[in-house]
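Take a look at the structure below.
The values are calculated or read from the model by the stated rules, or taken from the named source; none is laboratory data. Being a predicted model, the structure only gives us computed values, none of them experimental. With ideal geometry, Cβ positions are generated from the backbone for all residues, glycine too; neighbour counts draw on all protein chains shown. Areas reflect the complete protein model, heavy atoms only, side chains present, ligands, DNA and RNA absent. Shrake-Rupley method; radii C 1.70, N 1.55, O 1.52, S 1.80 Å.
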Amino acid sequence: MTVLTFPTIRRPAEASERLIGLTQTHESPFDGTMQTLELPGARWEFTLTWPTLSPDDRRELAAFLARLRGRAGRFTYGPFWSPRRATGGGSPVINGAGQSGTTLSTSGWAANAQAMRAGDWLSYADPAGRQRLHQVVADATANASGIAALVISPPIRRAGANGAVVEIAAPIGTFMLVDDNAPAMNIRAPSLGQVTMTMREALA
């Protein structure tokens, strides 16, 4: 399946983000105690709103939405509204193959510098080439060797290869529409558009 690139149009005026967890819970019928099992399927959901689109942008976005054909299509998108706040430089890569859990070991940072701050985003390509999007949830500083352990959410679902590039400037994930009904494109004179669309991370 071809993964499409989101059209180059003006950025939305509003955006919201949330992480949808995947858990199983069991409540005891005897004393009400509850056990929760976390499953490896948490995913990001973004909702974007364009209150006014130019005629050209409206047509570009409408054509893109039609091309997706509901939940059949896949595309890349990233949380541009939350640029990286950390000040340390470098060219980070994954430090070690087969990683799992909520900590991602990375290398290639400037020595003893701030690598990432809580709320920063990153992405990397898994061995199949699919983009994996994560948010850093704790500040991290690189050591003297340029290695930094990043605490991330959601947990690693498919590990990236050792040495794979960690994208921190413009991280992206692979997304799909939340249902088969394409977002309605509202049109008003003179051919301006208004639309709100919700996308959900597509796991594979």
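In table form, for the structure just shown:
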quantity: Of all residues in region 9-62 being in a strand (DSSP E or B) and open to solvent by 100 Å² or more (accessible area, probe 1.4 Å), the one that is nearest to Thr174 (Cα to Cα); calculated: Arg18
quantity: Failed item in (1) in a loop (DSSP other than H, G, I, E, B); (2) over 23 Å from Gly101 (Cα atoms), with Ala161 passing the rest; calculated: (2)
quantity: Filtered residue count, region 107-145, keeping only those that are open to solvent by less than 50 Å² (accessible area, probe 1.4 Å), part of a loop (DSSP other than H, G, I, E, B) and either of a type in the set (A, V, I, L, M, F, W, C) or closer than 19 Å to Gly88 by Cα (or both); calculated: 7
quantity: Pairs where the first residue, in region 112-136, is at positive phi and the second is outside any loop (DSSP other than H, G, I, E, B) and at pLDDT 95 or above, C-beta under 9 Å, 6+ apart; calculated: Asn112/Thr141; Gly119/Gln135; Gly119/Val136; Gly129/Val3
quantity: Scan of region 119-165 for residues that are of a type in the set (Asp, Glu) and at pLDDT 95 or above, ordered by number; calculated: Asp120, Asp139
quantity: Count - residues of region 146-161 that are open to solvent by 30 Å² or more (accessible area, probe 1.4 Å) and within 20 Å of Ala111 (Cα to Cα); calculated: 3
quantity: Among residues of region 68-96, those that are in a loop (DSSP other than H, G, I, E, B) and either touching a helix residue (DSSP H, G or I) at 6+ places or on another chain (Cβ under 6 Å) or open to solvent by 40 Å² or more (accessible area, probe 1.4 Å) (or both), counted; calculated: 8
quantity: Count - residues of region 166-204 that are open to solvent by less than 50 Å² (accessible area, probe 1.4 Å), farther than 12 Å from Thr47 by Cα, at pLDDT 95 or above and not in a strand (DSSP E or B); calculated: 5
